[in-house]
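Below you'll find the structure, written out as C-alpha cells, and then a few comments.
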Amino acid sequence: MTPIVKVENLTKHFPIKKNALARRKAGNVKAVDGISFEIAPGETLGMVGESGCGKTTAGRTIIKLYEPTGGKIYFEGEDITEISPSAMRSYRSKMQIIFQDPFASLNPRHTIGRIIAAPFEIQNITPEGGVKRAVQTLMERVGLNPEHYNRFPHEFSGGQRQRIGIARSIALKPKFIVADEPVSALDVSIQAQIINLLDDLQTEFGMSFLFIAHDLSVVQHISDRVAVMYLGKIMEIAPTTDLYAAPHHPYTKALLSAVPVPDPQTERTRERILLHGDLPSPMNPPTGCVFNTRCWKAQDRCRIDEPELLQIGASSVACHFPE
Amino acid sequence: MINYISRRLLYAAVILLLVSMAVYAIFQFLPFDPAALTCGKNCRPNLIAANRVRLGFDKPLWEQYWLFLSGIFVGRDYGVGSAAFTCPAPSLGYSFRQNACVTDLIQQALPVTLSLAIGALILWLIVGIGLGILAARFKDSPIDTGSTIFVLIGTSLPTFVTGLLLLIYLTLKNNIIPLNFDAYVSVFDNPSKFFMYFLLPWITLAFAFSAIYTRYTRSAVIETSGEDYIRTAWAKGLKSNVVLRKHTLRAALAPLTTLAGLDFAGLLGGAILTETIFNLPGLGRMSLKAVNDFDLPVVLATTLLAATIVVVMNLIVDLLYAVLDPRVRVG
Amino acid sequence: MTRLLDINDLHVTFPTEDGNVKAVDGLSLTLDAGETVAIVGESGSGKTVTSLSVLGLHNKKRTRLTGEILVHSERGVVDVVSCDDEELRKLRGSAVAMIFQDPMSSLHPYYSIGNQLSEAYRVVTKASKKDALKRCVEMLDLVGIPEPQKRVKEYPHQFSGGMRQRVMIAMAIINNPRILIADEPTTALDVTVQAQILSLLKELQREFNMGILLITHDLGVVAEVADRVNVMYAGKVVERGTVDDIYYRPLAPYTMGLLSSIPSVYGKGTGRLSAIPGQPPSLISLPEGCSFASRCSFASQVVGASCATDAPQLIEDEPGHSARCHLALADRRTAGAKFAAKGGTA
Ligand SMILES: Nc1ncnc2c1ncn2[C@@H]1O[C@H](COP(=O)(O)OP(=O)(O)OP(=O)(O)O)[C@@H](O)[C@H]1O
Ligand SMILES: Nc1ncnc2c1ncn2[C@@H]1O[C@H](COP(=O)(O)OP(=O)(O)OP(=O)(O)O)[C@@H](O)[C@H]1O
Ligand code: SF4
Ligand code: SF4
Ligand SMILES: [Mg+2]
Ligand SMILES: [Mg+2]
C-alpha cells in the first residue's frame, strides 16, 4: 500500500542572527536534520522528544508550512517537495494541522462558526446542505453544543477550544492530520476527553496522524508506531509496544525511565537512569552521535561516526551500541 | 562591543551623508533663485549676478554640494579679491541675510537651546518619574487620582497655552517670577540670573513631557510589579523599598532611556514654540526666522544639525541600553 | 516529629467585578519536618493561591484571607494571616522559601546570578559581600551547576531552563529554611531534566530535613516524591491521605476519575481512557451542593443526601485518610478498588 506520507532525509535549517547587536548571520539552527519515515493510511505515528528537538518544525515542514531545506516529501506517492504554494492548495484539503495552544490558535474576533467554516471558504467548497449545517454537524461530532455557533472563542474553556480546533481540522475530511501537542495545554481529565475524541475520529474517518507530544504516556496510548527525536534527528522508530517494552536506544531508555509513573510502589522500587547535563544547542550539535554528550554508553567511536538508523527486529535504531 | 560601536558609527555617518544630500537637493528644487534672495528689494540684475558668483551658486549642483560638505571639515572661502572672506571650519555655509557665517549664528543659539533642553529634561524626569512611581505605589489612592488629572491636563494642553498661562498668572498678574527682558546669560557667569531667565520656559516645556512620563512610569511600574521575578524578590524577604528600587524600577525604567534620549534630541533641534513665546534666542527661533526670511543656508544647517543630533542620540541611547540590559550586552 | 506548618480553615477570596472568586474554600493541612506533602488538582483548583498565601505573597488589598496559617519558626509560632508585614518579611526566605513554576521568568533579567543569590543570603544573615559570594558558589555547586566560580557572574539568560530552576532552588535553600514550597517546580521542564530536579530536591530534603509542600497537577510526580497528598477540586480538599491511600484506595469519586484518566507508560492497556465528562464549575458561582456533582457518575447512587443541594464535609473515613463525599463508604471502597493504580506492574 502506498504510504500517505513519506519523508526522505528531510532537513529544515533556520538561519539565525547572533544577537540584537550583531546583525549578521551567525549560523544555522539545525531544527530538523535528516529524518526519514513513512506513515501508512489509517496509522498514527507518534513523535516524542524534549523541547527544542524539532518536533514542531518537522510537523510543519511535512505539510509545507515551512519550506524544507533539503530532502523529499511524498504525499500519497507524489513528490510535493518542490511544488508551488498555489499547487499546494489542492493538497491542503487533504492535510491539516491541530495546534498546541488552544488559546492562541483561534482568532478571538471570529465566531466559532466562522472559524470552523474557514476550510470550506479557503477551498471554495460548499458542502451539501450549506456551510452552517455542515459546521453544526461538525460541532456536534466533536462534542460542542451546535447552538453555540455564534459565540466567540473566549467564551470557551481550553478543552472546548481544542475541540473547535479539531472540528476545523476535520471539516474537509483530510487524509492526514499533524496534531502538534494537541493536549499538552489541557488538564488530565480534559486531556482524556480529547484523546478519546481523536481515537473515535480516526476509527470513523480512517485518517492518518502524526501525533506530536512530549508526554510519553499520551503518545503510547494513541500511536501505532513512535519516533523518538533528539536534536533534529530520529534516534529510534519502532512499533509502540516494542518501543515501550524494549527500548533499544540509550536515549529512549533514559527518556522512558525519566517519566514519573502514577503508581507509588513502582516509583519506590524502580531504577532510574539520570541523564547528566542539558540538551546541547542545535546550532552546533555534537559531532558523531548527537547524543554522545549525555550518553552513559558513549565510546570514542560515538564522537566520530554518526550512527545510521539500522533495523533491530521491528525497530530502527541509530546507535553503535544499542541495548 | 568595540566592533559594534564602530559599526554603528559608520552607519551613523552614512545616514548623515544621505540626509545632507536629501536636504541639499530639496532646497535646490525650491522655486527660488538663491542668488535673488540675497539682496531683497534693492536687487539689480548685476548685483544678483555678482552675489551668485560670490556665494558659488553659479557652479554645478554637485560641486556646490561638495563645497558645502568639504566646508564642514576645512572651512570655506567666499568671493574673490577684496570682497573675499572665509568661514572657518566647521563651516555650514554663509547667511547672506544676516551677513554672517552660519556656524557663528549656531554657536550663539545653541547654548540657549541646550540650557533650555537640559533644564527641562531634568525637571520633567524628576516630576514625571517621581509622580509616576508615587501613583503606581499608591494605586487607586488620591495621589493616583491626582496624577491622572495631571496627566490629562498635561497631555491635552498645548505648549503655547501652558506657556501663555504661566506668563499671565505668574508674571504679569502676580509678579511671582519677574518678567525678564534681559539677554541670555550663561549659567557660569550668573547662575541666579540664568535660573530666573529659564524658569518659566523650563516649566512650560517640562509640563507636557512630565505628564507623558508620569503615565509611562506609572504603567511600567505597575506592570513590572506583577512580574514573576518581583514575586521572587518578595519571597526572599527583601524590604519593600529594596524591591521597589532595586528590582522594580531598574526593569521598569530602563526602556525610559530610549524615550528620554529621543525626546531630548527632538528638543535640541529647537523648541520652536517655547522659544518664541519666551523670546529666547535659541535654535528653534532661529530656524523659524530663517524659514520666514528664506534664509536657506541657515535652514539647511539647522535641519542638518537636528538630524545629526537625532542620529547621535540614537546611538547613545542604544549603547546606554546595552549597559543597562545584560541580555543585549552579552550575546 | 517536628510540626512546621498548620493551615486551619483557610479561605481566600478575590473580590472582582463579576463577583467574589472563592479560590480557596476552607483548606486545612499540616506539614512536618522531613516530609513532602503534595497538593494536586486541576488548573484553577486553588493550588497556587494556597502556596502564595503561606508566604503572604498575595496582594493584600485585593484579597480576603481568613483562617490561620501557623508557621513554626525558630523564633516561635507566627500566624501569617494576622501578623504584621515586618514579621512576615522575616519569615520569608529564612523560615519559608519558595520555588516557582516558571524558571524562565522568576529570575531578574538585569542582575547576575551571584548578585541575586547573595542578596537572598545577605538579607537574612547580614554576611559580607565576599562571604556571600563564597556561599553562592557553594550553593551552585550543591545544586549541580558545573563551574560555579564562573557561572556565578553570568546572567539568567545565559542559563537553560533546568539550570535556572537549579539556581532558584539554590536561592531558596541558601538560608536553610525549614519549609520549602515548590509550586509546579518541574512543569516547565523536560522529563529528563524533571527527573534531575526531583532527585535533587529529594537529596536536599534528606540532607537538611526540610518539609516540602509540593504543588503539582502531575500524578506521576506526586507518586514519585510525596508522602502525603491533598487532592483539591474547586478550592476544596476532596481527599487527603498517604500516597498509597490515594493511589490504591481512593475514596473520593474525583480522585478515582483523575486516576483513571491518565494514560500510563506502564499502561493499563490501550483501551479508551475513562475521561471525566464536563469541566470544573466557575469559582464565582459555586454549586450549592457538592462542587463535583455535575460531573460525578456516582451522584445518582447516593442515598440519604442530595449531591446537588447538600455540600459534603471532609470526613476521616480511615485513620489519616479523609474524603469529601456523601456516598456510602462501602460503595466508595468498591469503586475505588476498580479505579486504583495497579501497583508494581512495571
Ligand atoms: N522560525 C524559527 N527560526 C529560528 N529557529 C527556529 C524557528 N522555529 C524553531 N526554531 C528552532 O528550532 C529548534 C526546534 O524547534 P521546534 O519548535 O521544532 O521544537 P519542538 O520539538 O517542537 O519543541 P517544543 O517541545 O518546545 O515545542 C529550536 O531550537 C528552535 O529554537
Ligand atoms: N488575583 C486574583 N484575582 C482573581 N482571581 C484569582 C486571582 N488569583 C487567582 N485567581 C483565581 O483563583 C483560582 C485558583 O487559582 P490558582 O492559581 O490557585 O490555580 P492553580 O490550582 O494553581 O491552577 P494552575 O494549575 O493553572 O496553576 C483560579 O480560578 C484563578 O482564576
Ligand atoms: S551511538 Fe554511542 S553515544 Fe550515541 S547513543 Fe549509541 S552509545 Fe550513546
Ligand atoms: S458527594 Fe455526590 S457528587 Fe460529590 S463526589 Fe460524592 S457522590 Fe459525587
Ligand atoms: Mg513544539
Ligand atoms: Mg498554579
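The values are calculated or read from the model by the stated rules, or taken from the named source; none is laboratory data. Please read these numbers as outputs of a predicted model, since none were measured by experiment. Cβ sites come from the backbone with ideal geometry, for glycine too, and all protein chains shown count toward neighbours. Heads up: the accessible areas ignore ligands, DNA and RNA and are worked out on the full protein's heavy atoms, side chains in. Shrake-Rupley method; radii C 1.70, N 1.55, O 1.52, S 1.80 Å.
Tell me, Kirkwood radius of segment A:196-260 from alpha-carbon pair distances, in Å? It would help to have the intermediate numbers written out before the result.
Working: mean 1/r = 0.0791 Å⁻¹.
One decimal place: 12.6 Å for the Kirkwood radius.
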Checklist entry - Could you give the dipole magnitude of the protein assembly as shown about its Cα centre, charging the beta-carbon of Lys and Arg +1 and that of Asp and Glu -1, in debye to the nearest 20? => result 2460
Checklist entry - Near residue C:10, within a Cβ-to-Cβ distance under 10 Å, what is the net charge of the other residues, with Lys and Arg +1 and Asp and Glu -1? => result -3
Checklist outcome for this item: Scoring chain C by relative contact order with C-alpha pairs under 8 Å, at least six apart, yields a percentage of 19
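Per-residue counts of other Cβ atoms within 10 Å, averaged by peptide: what ranking do you get for A:278-289, C:328-339, B:290-301, highest first?
B:290-301, A:278-289, C:328-339
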Next on the checklist: Give me the extension gain from residue B:63 to residue B:50: residue separation times 0.36 nm, minus the current Cα-Cα distance, reported in nm with one decimal.
Outcome noted: 2.8 nm
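Mind checking the alpha-carbon convex hull of chain B and giving the volume per residue in Å³?
Spread over its residues, the Cα hull of chain B gives 188 Å³ apiece.
With the cut-off at 1.5 for a/c, could you classify segment C:1-108 from its C-alpha gyration tensor as rounded, prolate or oblate?
rounded
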Next on the checklist: If I fit a long axis through the Cα atoms of helix C:191-208 and take the longest principal axis of the Cα atoms of chain C, what angle between them do I get, 0 to 90°, rounded to 10?
Outcome noted: 70
Checklist entry - Quick one: how many Å² of residue B:11 are accessible to a 1.4 Å probe, rounded to 10? => result 120
Checklist entry - To the nearest 500 deg cm²/dmol, what mean residue ellipticity at 222 nm is calculated for the protein assembly as shown from DSSP H runs of n ≥ 4 alone, each contributing -39,500 (n - 2.57), summed and divided by the residues? => result -13500 deg cm²/dmol
Item to check | Whole-number D in µm²/s for segment B:185-331 (Stokes-Einstein; Kirkwood sum over Cα pairs; 37 °C, 0.692 mPa s) | outcome: 179
Checklist outcome for this item: Between residue A:151 and residues 5 or more places away or on another chain, the pairs with built amide H atoms under 5 Å apart involve A:112, A:113
Checklist entry - What average count of beta carbons from other chains do you get within 10 Å of the Cβ of residues in A:270-282? => result 4
Item to check | Sparsely packed chymotrypsin sites (Phe, Trp or Tyr not before Pro) within segment A:35-131, loop by DSSP, other Cβ within 10 Å at most 15 | outcome: A:103
Item to check | For C:274-286, mean number of other protein chain Cβ atoms within 10 Å | outcome: 3
Checklist entry - Considering only B:145, B:161, C:136, whose Cα is most displaced toward the positive end of the charge dipole of the protein assembly as shown, charges sitting on Cβ of Lys, Arg (+1) and Asp, Glu (-1)? => result B:161
Next on the checklist: Please return the longest range in chain A lying between exposed loop sites, taking trypsin sites (Lys or Arg not before Pro), DSSP loop only, at most 10 other beta-carbon atoms within 10 Å, and leaving the sites out.
Outcome noted: A:110-323
Item to check | Principal-axis tilt of helix A:188-205 within chain A, Cα atoms, nearest 10 degrees | outcome: 70
Checklist entry - Label point 7 Å out from residue A:297 along Cα-to-Cβ: which residues of segment A:235-260 have amide N under 20 Å? => result A:235-259
Item to check | Accessible-area order (highest first, 1.4 angstrom probe) of the listed residues B:62, A:296 | outcome: B:62, A:296
Next on the checklist: With the cut-off at 1.5 for a/c, could you classify segment C:78-224 from its C-alpha gyration tensor as rounded, prolate or oblate?
Outcome noted: oblate
Next on the checklist: Keeping all protein chains in the complex and leaving out DNA, RNA and ligands, what accessible area do you get for residue C:249 with a 1.4 Å probe, in Å² to the nearest 10?
Outcome noted: 110
Checklist entry - Which residues' amide hydrogens lie under 5 Å from the amide hydrogen of residue A:33, considering only partners 5 or more residues apart or on another chain, with H built in the peptide plane? => result A:12, A:233
Next on the checklist: Quick check: the angle from helix A:131-141's long axis to the longest principal axis of chain A, C-alpha only, nearest 10 degrees?
Outcome noted: 50
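For segment C:67-148, what is the convex hull volume of the alpha-carbon atoms per residue, in Å³?
Looking at segment C:67-148, the number lands at 136 Å³ per residue.
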Checklist entry - Based on the alpha-carbon gyration tensor of the protein assembly as shown, what equivalent-ellipsoid semi-axes (square roots of 5 times the eigenvalues) come out, in whole Å, largest first? => result 64, 38, 29
Checklist entry - Put a dot 7 Å past each Cα toward the Cβ at residue C:329 and residue B:84; how far apart are the dots in nm? => result 11.7
Checklist outcome for this item: So the FRET efficiency between residue B:193 and residue C:66, C-beta based with R0 = 51 Å and rounded to 0.05, is 0.20
Item to check | Span-rule helices in chain B, defined as complete DSSP H runs reaching 18 Å or more along the axis (Cα) with Kyte mean at least -1.0 | outcome: B:2-28, B:61-74, B:102-137, B:142-156, B:191-225, B:250-268, B:296-324
Checklist entry - Averaged over C:117-124, how many beta carbons belonging to a partner chain fall within 10 Å of each residue's beta carbon? => result 3
Next on the checklist: Just the number: Rg to Rh for segment A:180-323, Cα atoms, Kirkwood Rh, two decimals.
Outcome noted: 0.99
Next on the checklist: Using Cα-Cα distances under 8 Å and only pairs 6 or more residues apart, what relative contact order does chain A have, in percent?
Outcome noted: 20
Checklist outcome for this item: Taking a ≥ b ≥ c as the square roots of the Cα gyration tensor eigenvalues, with a/c under 1.5 meaning rounded and otherwise prolate when a/b beats b/c or oblate if not, segment A:26-93 comes out oblate
Checklist entry - Quick one: Kirkwood hydrodynamic radius for chain A, alpha-carbon pairs, angstrom, one decimal? => result 21.0
Checklist entry - Can you give the accessible area of residue C:300, probe radius 1.4 Å, in Å² rounded to 10? => result 100
Next on the checklist: Leaving ligands and nucleic acids out of the surface, order B:161, C:71 by accessible area at 1.4 Å, largest first.
Outcome noted: B:161, C:71
Checklist entry - Hey, if we sort B:186, B:192 by accessible area with the 1.4 Å probe, largest down, what's the order? => result B:192, B:186
Checklist entry - Given H placed 1.01 Å from N in the peptide plane, which residues other than close sequence neighbours of residue C:38 have an amide H under 5 Å from its amide H? => result C:214, C:227, C:228, C:229, C:230
Checklist entry - If you add up the charges near residue A:87, with Lys and Arg at +1 and Asp and Glu at -1, over every other residue whose beta carbon is less than 15 angstrom from its beta carbon, what do you get? => result -1
Checklist entry - If you take every DSSP beta bridge whose two residues both sit in the protein assembly as shown, what share of them, in percent to the nearest 5, is antiparallel? => result 65
